[in-house]
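Note sheet for the following structure.
Please treat every number below as a calculation from the coordinates, not as lab data. Bear in mind the structure is a predicted one, so any value in this text is a computation, not a measurement. Please note: Cβ atoms are built from the backbone with ideal geometry, for glycine as well, and neighbour counts cover all protein chains shown.
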Amino acid sequence: MKWLFAVLLVLQAHFAASYLVPLDSGAQREFGGLLRWAWPWSIGDGGFLGRIPASDEYPIVGVWLAGGAALMLVLAALAVMGWWVPFGWWRPLAVGGAILSLILMVGFFGATKLLPTALDLLVMWAAMTNRLSAPATGG
């Protein structure tokens, strides 16, 4: 179960970090148009946080949200696995990363943000309902 949850956290980190490298119109059509569902950010996406331009300054709020969410979600995945980050930190890191990611997805809402948004809510639900048990300690 912890491996699956760690993969989910890394996937969420990918969805957030991909904001920093949005797809252009040609890349959106790759793999029969399916790539844009795995890489939810495209040039021209916009919302109440601004618009992603083709070659100008990104909305700085989005950059901070994306970077913060990706960092927190990767650290949460490491904590879940018990690698380099204490296991007890996974819950606040996962919830914090999911909240930042959720703000980012809602701030630039579109059809390709539905899956990341749903997964953000799943991560928060899992963290708040205590679905992961602590790893066994070595004796």
TODO: Tabulate in residue order the Karplus-calculated ³J(HN,Hα) for the stretch 2-16, using 6.51 cos²θ - 1.76 cosθ + 1.60 with θ = phi - 60°, rounded to whole Hz; enter x for Gly and Pro.
DONE: 5, 5, 4, 5, 4, 5, 4, 5, 5, 4, 4, 4, 4, 4, 6
Task: Contour excess over end-to-end distance, with Cα ends at H14 and L122 and 0.36 nm allotted per residue - done: 37.3 nm
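Would you kindly calculate the mean projected area, averaged across all directions, of the convex hull enclosing the Cα atoms of the chain, in square nanometres?
About 8.8 nm², averaged over all directions.
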TODO: Report, in degrees rounded to the nearest 10, the 0 to 90 angle that the Cα long axis of helix 114-128 makes with the longest principal axis of the chain.
DONE: 20 degrees
Open item on the list: Place a point 7 Å from the Cα of I43 along the Cα-to-Cβ direction; which residues of the stretch 54-91 have their backbone N under 11 Å from it?
Closed with: 54-56
Task: Nearest 10 degrees, 0 to 90: helix 90-107 Cα axis against the chain principal axis - done: 10 degrees
